[in-house]
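To start, the structure under review is shown below, and the notes come after it.
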Amino acid sequence: MEHTKSFFQRKLKTDTNDLIIEGPLTSDELSQYSFHEQLTAFRPPKKQFEAIKGIADLPEGRIIVARFEGTIVGYVTYLHPDPLERWAEGKMENLIELGAIEVVPGFRGYRVGSQLIEVSMLDEYMENYIIISTEYYWHWDLKSTGLSIWQYRKVMEKMMGAGGLTPAPTDDPEIISHPANCLMVRIGKNVSGSDVDKFDHLRFLTKHQYSNRRS
């Protein structure tokens, strides 16, 4: 699989500044910008910036950013699932994960997250992928938003829905450990039926493993 990438750009107006939503970007292109110091959801800013530049260099890796002039104020990442996760067990080249999405507090409320996802789906090549996002409530910024778990879940569903991702059932132990957690999925129109079947097997891997032990 070639993992072809096409660049897209969109302007987003806010009350104070115009943002540029663009990508996928290479690590060299990312290096031309600074990384906002409030992008701290996953790692300290410097380490997270290095992490997303590393993802940009992966064959399947995609980084879409929101920037104000030369400063990145939001981003979304796509890459193959972590090798330690069940989603990697099928070794599916056309299965990628929306691994992280983050927007600085000052630009929340302008649909920046939805715009990041929308722009990422403008690339027709995304129709060749099964795209997943694993949503765990313990990753959500409940404190600064003041939202309840279920309010935040609705926000996440709406944001992911901007890119065509919808909730899908699974027996993954981490996801079913809390009812607010969920698996979000988008199956591209060019994905074969056999690959959909492989993915469905991964979604209910625990059930299949249990059945195999009993047989």
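The values are calculated or read from the model by the stated rules, or taken from the named source; none is laboratory data. It should be emphasised that the depicted structure is a prediction, and the values quoted were computed from it without experimental measurement. So basically every Cβ, Gly included, is an ideal-geometry build from the backbone, and we count neighbours across all protein chains shown. Note: accessible area is taken over every heavy atom of the protein model, side chains too, but ligands, DNA and RNA are not part of it. Shrake-Rupley method; radii C 1.70, N 1.55, O 1.52, S 1.80 Å.
Looking at Leu147, Leu122 in this structure, which one is among the aliphatic types (A, V, I, L, M), within 20 Å of the chain's Cα centre (by Cα) and either modelled with pLDDT of 95 or more or open to solvent by 50 Å² or more (accessible area, probe 1.4 Å) (or both)?
Just a single option satisfies the conditions, and that option is Leu122.
Of the residues that make up the range 68-88, is at least one aliphatic (A, V, I, L, M), more than 20 Å from Val155 (Cα to Cα) and either in contact with a helix residue (DSSP H, G or I) (Cβ under 6 Å, 6 or more places away or on another chain) or in contact (Cβ under 8 Å) with a residue 40 or more places away in the chain (or both)?
Yes, because at least one residue in the range 68-88 is aliphatic (A, V, I, L, M), more than 20 Å from Val155 (Cα to Cα) and either in contact with a helix residue (DSSP H, G or I) (Cβ under 6 Å, 6 or more places away or on another chain) or in contact (Cβ under 8 Å) with a residue 40 or more places away in the chain (or both).
Looking at this structure, is Arg10 open to solvent by 30 Å² or more (accessible area, probe 1.4 Å) and not in a loop (DSSP other than H, G, I, E, B)?
Considered against the rule, which asks whether it is open to solvent by 30 Å² or more (accessible area, probe 1.4 Å) and not in a loop (DSSP other than H, G, I, E, B), Arg10 comes out as yes.
Kindly check whether there is at least one residue in the range 179-200 that is closer than 30 Å to Gln38 by Cβ, modelled with pLDDT of 95 or more and over 19 Å from the mean Cα position of the chain (by Cα).
Checking the range 179-200: not a single residue is closer than 30 Å to Gln38 by Cβ, modelled with pLDDT of 95 or more and over 19 Å from the mean Cα position of the chain (by Cα).
Each row is one residue, and each column tells you yes or no for (1) open to solvent by less than 20 Å² (accessible area, probe 1.4 Å); (2) under 17 Å from Ile64 (Cβ atoms); (3) outside any loop (DSSP other than H, G, I, E, B); (4) out of contact with any strand residue (DSSP E or B) (no Cβ under 8 Å at 6 or more places or on another chain).
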residue	(1), (2), (3), (4)
Thr77	yes, yes, yes, no
Pro83	no, no, no, yes
Ile96	yes, yes, yes, no
Tyr152	no, no, yes, yes
Val155	no, no, yes, yes
Met159	no, yes, yes, no
Gly164	no, yes, no, no
Pro167	no, no, yes, no
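Would you be able to tell me the number of residues in the range 125-144 that are surrounded by 17 or more Cβ atoms within 10 Å (Cβ to Cβ) and charged (D, E, K, R)?
1
Pick out the one residue from Val185, Val191 that is closer than 26 Å to Phe7 by Cβ, out of contact with any helix residue (DSSP H, G or I) (no Cβ under 6 Å at 6 or more places or on another chain) and assigned to a loop (DSSP other than H, G, I, E, B). Don't jump to the end; show me each part of the working.
Values: Val185 fails: assigned to a loop (DSSP other than H, G, I, E, B).
Answer to the check: Val191.
Taking the options Gln48, Gln38, name whichever one is modelled with pLDDT of 95 or more and not in a loop (DSSP other than H, G, I, E, B). Break it down stepwise before answering.
Numbers: Gln38 fails: not in a loop (DSSP other than H, G, I, E, B).
Sole residue among the options that is modelled with pLDDT of 95 or more and not in a loop (DSSP other than H, G, I, E, B): Gln48.
Output the number of the condition that Pro179 fails; it satisfies all remaining conditions of (1) in contact with a Leu (Cβ under 9 Å, 6 or more places away or on another chain); (2) in a loop (DSSP other than H, G, I, E, B); (3) open to solvent by 70 Å² or more (accessible area, probe 1.4 Å).
Just one mismatch for Pro179, condition (1).
Residue check: is Pro45 open to solvent by less than 40 Å² (accessible area, probe 1.4 Å) and free of Cβ contacts under 8 Å to residues at least 12 places away in the same chain?
yes
Hey, could you check the range 66-77 for residues that are more than 12 Å from the chain's Cα centre (by Cα) and β-branched (Val, Ile, Thr) and say which is farthest from Asn94 (Cα to Cα)?
Thr71
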